[in-house]
Amino acid sequence: MTDVTALGELLIDFTENGISEQGNPILEANPGGAPCNVLAMLTKLGNQTLFIGKVGNDSLGKMLKDKVTALGIDTTYLYQDEIVHTTLAFVHTAEDGDREFSFYRNPGADMMLRAEEVNEEAIKESKIFHFGTLSTTHEGVRAATKKAVETAKQNQVLISFDPNLREPLWDSLDEARKQVSYGMSMCDILKISDNEIEWYTGESDYTKAVEKILENYQIPLILVSMGKQGSRAYYKNQMVEVPAILQKNTIETTGAGDTFDACVLDYILKHGLENLSEQNLKEMLTFANAAASIVTTRKGALCVMPSKEDVEEILKK
């Protein structure tokens, strides 16, 4: 049985890595894509993982498939498109480590996944199914995503959802809102960032924002990631907040939210979603915050996830 199956984008993040002798920015081709980043961290923590997605049948697509396989993620259902090239994202990093993305995805291979390529048995045999909204931006891949989500729902597989909103990829933010609403209507675990929850609810008070979400959707566990302010868990009328662990040598925040998300899912796999105490939630958020802080000190995300020992070392300090 697979612990976590994820469906979505697998792409190349071109991240800045110095300046050439001619004064040009040097870009490093880092494997990325939020759902697969989550699986990379889960695998590092000892879980069985499987990825469903599509890359191009090109040199970058082959590199991605090789890298993901080498990490120990099952790539049986990672397809290669013969026509459309691997999706690319160029990551522009600000001085504080925050990022801005430029996507080359019109179309990109990740958008070419089709419903008939989604193996229902693989999803049925999973404990958790995880997805985001990048696989709902266009009709074909949206149908594939919804088939997977609905298969998970019908078979009592826990569903984890991270909106991971990337505004440039949507024809309209009204469509984005509709797809985020769909994810919320189906999930058991919602991980949402501070800027996403403000956008979605219009509330800057995150507790009021969560209350608004819960008026419409019954989501047992909601996690709000707040960057340098830490994170919160909302669960059965409890709110637990844990401060961030700030690193002096932060270089970029790519993958921090995915690392955090993976640690939460790892905790749920070990403890279940039924009877979490305040102490459980604190423990979960503390470990997740620590792991996320480590990723901010490394270039890229998918291939540089911290080990359990790395995280425990930070927590000792």
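Tabulated results
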item	result
Residue list for region 18-41, restricted to those being over 20 Å from residue 134 (Cα atoms) and not in a strand (DSSP E or B)	20, 21, 22, 23, 24
Elements of type strands (runs of 3 or more DSSP E) in region 157-261, at least 2 residues being buried (at least 18 other Cβ atoms within 10 Å of the Cβ) and touching a Ser or Thr at 6+ places or on another chain (Cβ under 8 Å)	189-193, 221-225, 231-235
Selected residue (only one of 115, 143, 70 is of a type in the set (Gly, Ala, Ser) and within 27 Å of residue 298 (Cα to Cα))	70
Residue tally, condition closer than 27 Å to residue 113 by Cα, more than 19 Å from the chain's Cα centre (by Cα) and either modelled with pLDDT under 95 or not hydrophobic (A, V, I, L, M, F, W, C) (or both), over region 80-101	4
Selection status of residue 144, in contact (Cβ under 8 Å) with a residue 40 or more places away in the chain, more than 20 Å from residue 38 (Cα to Cα) and in contact with a helix residue (DSSP H, G or I) (Cβ under 9 Å, 6 or more places away or on another chain)	no
Filter result for residue 56 (surrounded by 15 or more Cβ atoms within 10 Å (Cβ to Cβ) and not hydrophobic (A, V, I, L, M, F, W, C))	yes
Residue among 282, 299, 270 that alone is at pLDDT below 95 and open to solvent by 30 Å² or more (accessible area, probe 1.4 Å)	299
Residues (part of a helix (DSSP H, G or I) and open to solvent by less than 20 Å² (accessible area, probe 1.4 Å)) located in region 302-317	311
Pair list, Cβ < 8 Å and 6+ apart or interchain, from region 235-251 residues that are without any contact (Cβ under 8 Å) to a residue 60 or more places away in the chain and under 10 Å from residue 293 (Cα atoms) to residues that are of a type outside the set (A, V, I, L, M, F, W, C) and open to solvent by 60 Å² or more (accessible area, probe 1.4 Å)	244/228; 244/229; 246/228
Subset of region 82-131 (residues that are basic (Lys, Arg) and assigned to a helix (DSSP H, G or I))	124
Filtered residues of region 13-36 (kept if crowded, with 23+ Cβ neighbours inside 10 Å and farther than 10 Å from residue 300 by Cα)	33, 34, 35, 36
Which listed residue is assigned to a strand (DSSP E or B), hydroxyl-bearing (Ser, Thr, Tyr) and modelled with pLDDT under 95, from 76, 15	15
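The values are calculated or read from the model by the stated rules, or taken from the named source; none is laboratory data. Please read all numbers here as calculations on a predicted model, not as lab measurements. Neighbour counts are summed over all protein chains in view; Cβ atoms, including those assigned to glycine, are modelled from backbone coordinates with ideal geometry. Side chains are part of the model used for accessible areas, which takes the heavy atoms of the whole protein and leaves out ligands, DNA and RNA. Shrake-Rupley method; radii C 1.70, N 1.55, O 1.52, S 1.80 Å.
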